[in-house]
Each structure stands twice: as structure tokens, then as C-alpha cells.
Amino acid sequence: MCLQDAEQASEGMENVGLSSHDESHKPVSWVTLNSDFLHTQIDNCEQFSLGNSFPMESICEDTVVAENKQNLFNNFVPALRSGEWSDIGHRSYMEDTHVCIADLSKNFGHNIFDEEAISFYGVFDGHGGKGAAQFVRDHLPRVIVEDADFPLELEKVVTRSFMETDAAFAKSCSLESALSSGTTALTAMIFGRSLLVANAGDCRAVLSRHGVAVEMSKDHRPCCDIERMRIESLGGFVDDGYLNGQLGVSRALGDWHIKGLKEGGERLGPLSAEPELKLITLTKEDEFLIIGSDGIWDVFRSQNAVDFVRRRLQEHNDVKRCCKEVVDEAIKRGAIDNLTAVIVCFHTEPPPHVVVQRPRVRRSISAEGLQNLKFLLEG
């Protein structure tokens with residue numbers, strides 16, 4: 001998703017003064033997780049590969065283990081507040097959907113920990129119809145909770161649940177062909193001080209750490225080198241940036257109806273439903289997480305989105321209203337896709353005012369560009 005440098009000029013075009021009821025969650029009371037469970041999650045931050053799938057590049061930070069151990073017993077207790085907003089944008093059909101669950105276990109009647117909550121957030125961007133996105137939204141959380149290894153081996157559980165949900169959707173499509181479609185999926189789970197993000201597709205999650213954007217996911221595009229290698233190793237190809245000349249993402253759930261993208265049995269197709277995971281330990285410097293469908297990131301860079309959200313939270317500290325303002329701003333900047341934004345804050349108070357040091361970038365404009373600008377200004 002490329003963004004023109006002219007985006008910087010639009011940062012001042014902000015939508016303020018919107019009214020909306022605050023429907024954010026109440027702060028969650030956390031307890032210290034079982035020590036063995038925490039060390040298992042921390043010391044095993046790695047990718048899991050199922051079946052004969054192509055080995056994935058781990059996107060866990062090299063510093064995660066050391067960082068987690070250093071902050072394991074810090075005094076930070078996340079106080080979760082969340083908001084969400086969607087808009088059809090300039091499309092004829094709304095194919096985005098999302099979910100926000102404050103306590104995953106209790107929501108499905110599985111009270112594994114008496115006092116421990118596992119929060120679940122997800123954004124699903126459908127294509128070719130809304131059937132896949134709605135199916136994954138409704139089934140994936142339950143599949144995760146009902147896995148025999150939940151919650152002690154959460155990374156394995158999440159990866160396995162993506163694949164099982166994809167297989168279950170294939171069966172549903174065989175019974176009802178009208179459901180045939182596909183969807184990208186990005187989920188975020190918060191348990192104790194841990195944040196686990198799983199992504200298959202081009203939705204994106206960005207963490208604000210003391211005002212600096214930390215990308216918690218990578219966009220799965222066919223033209224990316226790692227994805228291209230995986231695609232070609234499984235008999236697929238990339239044509240003009242599209243998987244087999246048909247799909248703009250290299251990972252998604254569904255799309256079983258498109259010949260050549262997915263195969264049954266032991267034979268794997270080039271379109272994968274297997275997510276990439278990233279696990280970190282939250283600290284008091286972590287302010288909020290933005291989860292957005294690709295329509296948001298078509299017009300926002302990650303750091304630009306963090307800056308925008310921080311300013312809005314500093315003005316009114318209303319998470320849901322902030323989500324609406326992000327979506328409205330994306331439309332003002334020319335976004336044409338469906339738009340969904342979910343924001344999860346880790347503090348009750350707004351982000352502090354800080355000066356974020358960024359490397360200086362030398363910018364220039366060509367003589368032709370100056371001439372064009374002159375013509376525009378002169379009308």
C-alpha cells in the first residue's frame with residue numbers, strides 16, 4: 001500500500017467536534033498469571049508451522065525474550081478500554097466486519113480462570129462477498145476457546161484455530177455455495193501483560209509505544225519476497241502483484257471456490273490461511289493498539305495513524321469517538337475501500353504530551369513539480 005508524500009499536507013485536515021457515546025470497556029482487573037504459564041509463553045515466542053506448509057519467517061522481535069523477562073514482574077497493570085467504528089466507504093457492499101470480546105472464556109461459558117480475563121479483538125476484511133468474513137468472526141473465537149490446549153499453549157492454539165476455521169468454512173461452502181468468498185483476518189489477544197497478534201492478510205495492527213509506532217503485523221502481499229517464495233514453492237505464481245493473477249493478498253481464509261488457490265487433502269495451494277504471530281509483553285510505555293482493515297492503511301502510514309490517534313485521545317479521551325474520527329479522516333483523504341478501525345487503550349488516562357524524536361528526512365521537489373504546484377495555486 002503506497003502513500004504519496006502529499007499525505008503529509010493532509011495531516012492538518014482533521015475532523016473534530018464529533019459526538020458519540022463512549023461504549024468502551026470498563027478497566028479490567030488483572031491478576032498475576034501462573035509462573036509456569038508465563039515462562040512458557042515468554043521463552044517460546046516462535047512461529048508454528050502446521051502440516052507441510054512452507055516455513056514462515058518469524059516476526060517475533062529478537063529482543064522480546066529479554067524484554068519480557070525484564071518486565072515480567074513490573075508494576076504495570078493494563079486497564080483496557082476499547083472502541084470500534086466501520087463505514088462502507090465508496091464501495092457498493094460492506095464486506096468488513098469485526099469483533100470485540102472483553103472476556104473470551106466467559107463469553108463462551110468456559111471459566112478456566114476465576115479471575116483472569118483473556119480479551120479478544122479482531123478485524124476481518126472480506127472479498128468476493130461477506131460470507132467468509134462473518135463466518136470467521138462468528139466461529140474463530142469459539143474454536144480457540146474450545147481447543148484442548150487453550151490457554152496454556154496459546155500460540156499453537158491460535159495458529160491451529162485459523163486453519164480449522166478455514167477448513168470448517170470449506171465444508172459450509174460445499175453445503176451452501178452462496179457463502180463462497182474469502183477474508184483476511186487479524187486478531188489480538190490480551191492476557192495479563194501479554195499481547196498476541198495473529199495475522200493472515202493485509203489488515204494491520206500498530207502499537208503506540210510512548211508515541212512511536214511499532215508494527216505488530218506484516219501485510220501479506222504476493223509481491224513480498226518471502227511470500228513470493230512460498231507461493232512459487234507450492235505451484236503458484238505472481239502476476240502484476242496478484243496471486244495467480246486473481247487475488248491481491250497471499251494469505252486469507254476461504255476462497256475455496258477459486259480454482260488453483262487452495263487444494264484439499266495433503267496437497268497445499270499457494271493461498272495460505274496460516275497466520276503469522278507476534279507476542280510481546282506490555283509495559284507502561286505502551287499506550288494503545290490500532291487494528292485497521294487495509295482501507296485505513298491505504299491513506300495512513302503507521303506512524304501517522306499513531307500521531308492522529310494520540311492527538312484525538314489527548315483532546316477528548318473517548319476511544320469510540322476516536323475510531324470514528326480515524327475512519328472519517330480516511331474518507332477525507334480519499335480512501336475508497338470499506339473501512340474498519342478498532343482501538344484498544346491500555347490506560348484510563350490519555351497519552352502524555354511528548355516530543356517524538358524522528359530521523360530527519362531530506363525532501364525535494366522537481367522543477368516540473370514546482371511548475372505544476374504553481375499552476376494549481378494560480379488556479
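No lab work stands behind these numbers, since they all come straight from the coordinates. All values reported here derive from a predicted model rather than from experimental measurement.
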Taking square-rooted eigenvalues a ≥ b ≥ c of the alpha carbon gyration tensor, is region 152-262 rounded, prolate or oblate, where a/c under 1.5 means rounded and, failing that, a/b exceeding b/c means prolate? oblate
List the residues whose amide H sits under 5 Å from the amide H of Leu282, counting only those 5 or more places along or on another chain, with H placed 1.01 Å from N in the peptide plane. Ser194, Leu195
Just check region 240-302 against the gyration tensor rule for me: Cα atoms, a ≥ b ≥ c as the square roots of the eigenvalues, rounded for a/c under 1.5, and otherwise prolate or oblate depending on whether a/b exceeds b/c. oblate
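If a/c stays under 1.5 just call it rounded; otherwise compare a/b with b/c (prolate if a/b is bigger, oblate if not). Do that for region 114-213, with a ≥ b ≥ c from the square roots of the Cα gyration tensor eigenvalues. The partial results should precede the final answer.
Details: a/c = 2.74, a/b = 1.43, b/c = 1.92.
Cα axes put region 114-213 in the oblate bin.
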In whole Hz, with x marking every Gly and Pro, tabulate ³J(HN,Hα) for region 154-167 from phi via Karplus 6.51 cos²θ - 1.76 cosθ + 1.60, θ = phi - 60°. 5, 5, 5, 4, 5, 4, 5, 5, 4, 5, 5, 5, 4, 5
Once all Cα-Cα distances of region 122-165 are split into 5 Å bins that start at 0, what whole-number percent is in each one? 5, 25, 27, 20, 13, 7, 2, 0
In sequence order, calculated HN-Hα J values of region 338-354 (Karplus, 6.51, -1.76, 1.60; Hz; x Gly/Pro): 4, 10, 9, 10, 10, 10, 10, 9, 10, 9, 7, 8, x, x, x, 7, 9
Karplus-derived HN-Hα couplings along region 272-282 (A = 6.51, B = -1.76, C = 1.60, θ = phi - 60°), whole Hz, x at Gly and Pro: 10, 9, 6, x, 9, 10, 9, 10, 9, 9, 6
Need the list of lysines near Lys284 for cross-linking: C-alpha distance under 19 angstrom, and skip anything on the same chain fewer than eight residues off. Lys26, Lys69
Cross-link pairs beyond the 22 Å C-alpha cut-off, checked among Lys130/Lys156; Lys130/Lys262; Lys106/Lys324; Lys130/Lys320; Lys171/Lys259; Lys156/Lys218: Lys130/Lys156; Lys106/Lys324; Lys130/Lys320
